[in-house]
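Asker: The structure that follows is given in the form of structure tokens.
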Amino acid sequence: SGITVRTPRTLYRYSASSVLWTSTDWALTSGGTIGQDPPLPQDNVIIDVNSNNGSAQLQITVPFLCTDLTCTSNASAVLLNQGTGTFNAVMLGNLTLGGSVTTGGGGTVQFGARSSKTITSNGIAVVWPLQFQAPSGTWTLQDTLNNSSSSLNVFQGTFVDNGQTVTTKSVTVGTNAT
């Protein structure tokens, strides 16, 4: 067949640059040696206290795919700025926000999974439109979701509020969604 699929990795972002997703920004450990290729859809991405290396903020300004995205406590603010356009970010796994993370930008975060995944926002306002698009995927909130300035769209799959409060500007539920 000649096709080789790389083993999934957990990648840590580490750079003095404020722009994310270049080939020189990735390490296999927090604060570790950089030089790993940027994340692929099967990779987990962690943005943590070592990620900014002194930058005032970190911006994701290009379309990207990953499995889990975890943004933890950070000495500098992390601005997940999707830029403009649609479907700029596709997550195939869990989303976890924490610490001093702030969200901004005009792109959309699309969730696609074939199994059960979680969303943990830790009280952080999520300003992007959220789209859930996988017939066999289930996403369960772990805490309150504040998406008051944007939309929550469940086109395919199952969104479980888990008894948590959801604040959003609008909700769309497709015919193949619950």
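The values are calculated or read from the model by the stated rules, or taken from the named source; none is laboratory data. None of the values given here were measured: they were computed from a predicted structure. Every residue, glycine as well, gets a Cβ built from its backbone with ideal geometry; the counts of neighbours run over all protein chains shown. Only protein heavy atoms, including side chains, enter the accessible area calculation; ligands, DNA and RNA are left aside. Shrake-Rupley method; radii C 1.70, N 1.55, O 1.52, S 1.80 Å.
Asker: All other residues with a Cβ under 15 Å from the Cβ of S136 taken together, and with Lys, Arg as +1 and Asp, Glu as -1, what is their net charge? Before the final figure, lay out each step's value.
Answerer: On the way: positive: R114, K117; negative: none.
For residues surrounding S136, the net value is +2.
Asker: What Kirkwood hydrodynamic radius do you get for region 82-178 when you take the inverse of the mean 1/r over all pairs of distinct Cα atoms, in Å? Could the numbers behind the result be given before it?
Answerer: Details: mean 1/r = 0.0758 Å⁻¹.
Here the Kirkwood hydrodynamic radius works out to 13.2 Å.
Asker: Using 17 Å as the cut-off for backbone N distance, which residues of region 148-162 belong to the label zone defined by a point 7 Å from the Cα of T178 along Cα→Cβ?
Answerer: From region 148-162, the list is 154-162.
Asker: Another question, then. Modelling each spin label as a point 7 Å along the Cα-to-Cβ direction, I'd like the D143/T24 distance in nm, to one decimal.
Answerer: For the pair D143/T24, the computed spacing is 3.6 nm.
Asker: Leaving out ligands, DNA and RNA but keeping every protein chain, what accessible area does L65 have, in Å² rounded to the nearest 10, with a 1.4 Å probe?
Answerer: The value for L65 is about 80 Å².
Asker: So, counting K/R as plus one and D/E as minus one, what does the shell of residues with Cβ under 15 Å around L69 add up to? Could the numbers behind the result be given before it?
Answerer: Values: positive: R9, R13, K117; negative: D25, D43, D48, D68.
Spelling it out: positives minus negatives among the neighbours equals -1.
Asker: Local charge sum around N50 (other residues, Cβ-Cβ under 13 Å, Lys/Arg +1, Asp/Glu -1)?
Answerer: Numbers: positive: R13; negative: D25, D48.
That works out to -1.
Asker: What is the spin-label model distance, in nm, from S170 to S116 if the labels are put 7 Å beyond Cα along the C-beta direction?
Answerer: Label-label distance for S170 and S116, simple model: 3.2 nm.
Asker: Which of the peptides 38-47, 146-155 is most tightly packed, and how do the rest follow, judged by the mean count of other Cβ atoms within 10 Å per residue? Provide the component values of the computation, followed by the final result.
Answerer: Details: 38-47: 19.7, 146-155: 17.4.
In decreasing order of mean packing, 38-47, 146-155 become 38-47, 146-155.
Asker: Amide H to amide H under 5 Å from T10: which residues, 5+ apart in sequence or cross-chain, H placed 1.01 Å off N in plane?
Answerer: Those lying under 5 Å, H to H, from T10 are N44.
Asker: A further question follows. What list of ³J(HN,Hα) couplings, whole Hz, do you get for region 150-155 from phi and the Karplus terms 6.51, -1.76, 1.60, once you set θ to phi - 60° and write x for glycine and proline?
Answerer: Running phi through 6.51 cos²θ - 1.76 cosθ + 1.60 with θ = phi - 60° gives 8, 10, 10, 10, 9, 7 Hz.
Asker: Per-residue HN-Hα couplings for region 134-145, Karplus 6.51 cos²θ - 1.76 cosθ + 1.60 at θ = phi - 60°, whole Hz, x for Gly and Pro?
Answerer: Per residue, the Karplus-derived 3J(HN,Hα) values read 7, x, 9, x, 10, 10, 10, 5, 9, 7, 4, 10 Hz.
Asker: Does region 100-152 come out rounded, prolate or oblate, given a ≥ b ≥ c as the square roots of the eigenvalues of its C-alpha gyration tensor, rounded meaning a/c under 1.5 and, failing that, prolate meaning a/b above b/c? Don't skip to the end; give the middle numbers.
Answerer: Details: a/c = 2.34, a/b = 1.44, b/c = 1.63.
Taking the square roots of the gyration eigenvalues as a ≥ b ≥ c, region 100-152 is oblate.
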